[in-house]
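Taking it in order: structure first as structure tokens, then the write-up.
Rule-based calculations on the coordinates, nothing more; no lab input. Keep in mind that what you see is a predicted model, and the values were worked out from it rather than measured. Note that each Cβ is placed from the backbone with ideal geometry, even for glycine, and that neighbours are counted across all protein chains shown.
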Amino acid sequence: MGEKYRVVIIGSGPGGYLAALRAGSLGLKTAIVEKEDLGGVCLNRGCIPTKVLTHGAAFYRRLQRADEFGFKFNNIEFSYTRLQEKKKAVVDELVGHVAELLKRSKVDFFDGVGKVLNPHRVVVGLNEGGEVDLETENVILATGSEEIYPPTPGLDLPGVITSREALVLEELPETMAVIGGGVIALEMASIFLGLGTKVTIVHRSERLLRRMDLEMVRRLSTYIRRAGLEIKMNTPVQKIETIDGGLRLTATGRRGEEIIETEKVLLSVGRKPTFGDQDLDALGVEYDNSGIKVNSKMETTVPHIYAIGDVAAPSYYLAHVAYRQGVVAAENIAGTEAHFDGSVVPACLFTDPELACVGLSEEEAKEKGFEDIKIGKFPFSASGKAATQAETEGAVKIIAAGGEQKVIGFHILGPHASDLIQEGSLAVARGIGAAELAELIHPHPTLSEAVWEAAMAVNKTALHVGRL
């Protein structure tokens with residue numbers, strides 16, 4: 001064996017590489033093992049590349065409405081190839097930046113498959129050939145998640161793709177059916193719809209985005225349907241078959257059998273933890289289908305083995321959760337007690353308009369029996385800043401409860417919702433009252449004023465009142 005490490009990390013996604021950076025900054029001798037791409041799914045096939053395409057789709061839509069601001073474009077040309085080149089350039093730049101950060105932190109990187117034999121030994125089968133035996137004091141499992149494949153006949157046919165393949169399509173399909181109704185399904189549908197593809201969502205459930213506030217989801221559904229997205233609810237797919245020029249989906253809807261013919265089928269019904277072929281039973285690590293059992297320090301049931309990110313139960317499937325968990329694991333290994341608290345976690349949906357939330361939905365607040373629930377809402381249609389940029393769809397919704405009217409839920413549907421939600425995270429995490437939030441001076445003219453007005457609306461004192 002070679003040099004001994006304080007920690008070896010299996011997986012270099014958001015949780016893995018941030019754990020390595022934090023460990024390195026604390027002076028720990030650190031190694032990270034990655035079998036595929038530095039940065040994992042998020043940096044290479046998820047968060048970052050999808051946002052490049054999302055921005056491109058939104059930019060294209062804005063250009064088509066440019067005459068509102070006095071600009072006249074004739075025969076706007078769009079190159080999907082050029083957009084893909086931009087996506088690759090951004091990903092390459094950010095992956096290179098992470099590689100440089102790891103190098104500066106003196107983290108050793110091993111390109112291969114890591115197998116944990118015990119909490120103090122990891123064998124790496126290098127992708128270039130050969131093996132490396134690593135001795136370590138601790139191991140962090142950051143092996144991520146993978147696509148769920150339901151037992152639907154025809155999923156293995158050419159033309160049936162996941163988000164991974166969708167992100168590298170060389171040509172835009174004319175039509176696409178998206179199976180699923182969660183975050184990834186909605187984001188991918190929004191991207192391709194915005195770029196000109198006719199998109200149909202086929203979802204087996206009676207509602208989209210089941211973890212988000214129902215009222216806000218219904219509002220979003222109205223907007224994206226208006227933009228041209230077809231949505232078929234309560235319509236489970238029975239089978240997929242090949243036809244000339246594409247695929248045929250047979251589904252069961254409210255009115256019986258439905259046939260959908262399309263060029264591509266995008267499968268996006270969810271993700272599940274992947275254990276990276278680790279023999280968890282032999283290691284003695286407790287786990288189930290929801291992931292590896294961990295405590296607030298990100299410790300598994302075996303001393304010196306930690307788990308973070310999508311593989312740790314309960315799985316949030318959010319990069320920012322993995323970031324925090326990676327930091328917590330590294331700090332505990334360094335001897336600094338740290339804890340992960342998942343009670344207040346913001347979630348963002350990058351559709352057009354965006355939807356972001358933190359805390360409880362209105363339904364959850366009622367189910368949990370909170371007393372004196374009050375709701376304040378303010379539409380972006382009454383926002384001066386939203387009007388100046390012609391983005392007036394959506395609203396801010398604040399849920400408060402108790403005698404002090406503490407903010408317990410915060411929901412934003414509209415422009416830059418993902419950027420605005422952090423004020424809500426702070427309010428929910430610190431138990432700030434709606435009246436306190438309303439007393440904060442928000443700059444004008446900004447979209448954040450909608451938060452101020454919604455906070456005032458909790459106590460029926462909103463001033464620039466608009467129609468919801």
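Structure notes:
- Packing-based ranking, highest mean first, of 392-405, 245-258 given that Cβ atoms within 10 Å are counted: 392-405, 245-258
- The range 160-269, relative contact order in percent, only Cα pairs under 8 angstrom and at least six apart counted: 35 percent
- Based on Cα atoms of the range 223-339, Rg over Rh with Rh as the Kirkwood radius reads 1.20.
- Under 17 Å from a label point set 7 Å out along the Cα-to-Cβ vector of Arg65, the amide N atoms of the range 366-405 belong to 379-396.
- Here the Karplus curve 6.51 cos²θ - 1.76 cosθ + 1.60, taken at θ = phi - 60°, turns the phi angles of the range 39-46 into couplings of x, x, 4, 3, 7, 9, 9, x Hz, with x standing for Gly and Pro.
- Too-long pairs where the Cα-Cα distance tops 28 Å, listed order kept, from Lys88/Lys272; Lys51/Lys272; Lys88/Lys293; Lys272/Lys406: Lys88/Lys293; Lys272/Lys406
- In Hz, Karplus ³J(HN,Hα) per residue of the range 129-143 (6.51, -1.76, 1.60; θ = phi - 60°; x = Gly, Pro): x, x, 10, 10, 9, 10, 9, 8, 8, 9, 10, 10, 8, 9, 8
- Axial C-alpha extent at least 15 Å, average Kyte-Doolittle at least 0.5 - helices from the chain (DSSP): 183-194
- Footprinting exposure proxy for Met298, Met212 (fewest neighbouring C-beta atoms within 10 Å first): Met212, Met298
- Annotation: the chain has a Kirkwood hydrodynamic radius of 24.1 angstrom, from the mean reciprocal C-alpha pair distance.
- Remark on the chain: Cys348, Cys357 stand apart, with no other cysteine beta carbon under 4.7 Å.
- Based on C-alpha pairs under 8 angstrom that are at least 6 apart in sequence, the chain has a relative contact order of 14 percent.
- Taking N as the residue count of the range 54-163, its C-alpha radius of gyration divided by 2.2 N^0.38 Å amounts to 1.74.
- nm² value of the averaged projected area, convex hull over the Cα atoms of the range 1-94: 8.7 nm²
- Sorted by Cβ density within 10 Å, fewest first, the residues Phe71, Phe109: Phe71, Phe109
- When each of Ser383, Ser268 is scored by the number of other beta-carbon atoms lying within 10 Å, the sequence from fewest to most is Ser268, Ser383.
- Percent of alpha-carbon pairs separated by more than 14 Å within the range 157-220: 60 percent
- Relative contact order [Cα under 8 Å, 6+ residues apart], the range 353-457, whole percent: 33 percent
- Taking label positions 7 Å along the Cα-Cβ direction at both Glu137 and Arg430, the computed distance is 3.6 nm, reported to one decimal.
- Sequence ranges 178-188, 445-455, ranked by mean other-Cβ count within 10 angstrom, highest first: 178-188, 445-455
- Geometric extent, Cα atoms of the range 112-251 - Rg, Dmax (angstrom): 20.5, 58
- The Rg/Rh ratio for the range 291-355, using Cα coordinates for both the radius of gyration and the Kirkwood hydrodynamic radius, is 1.06.
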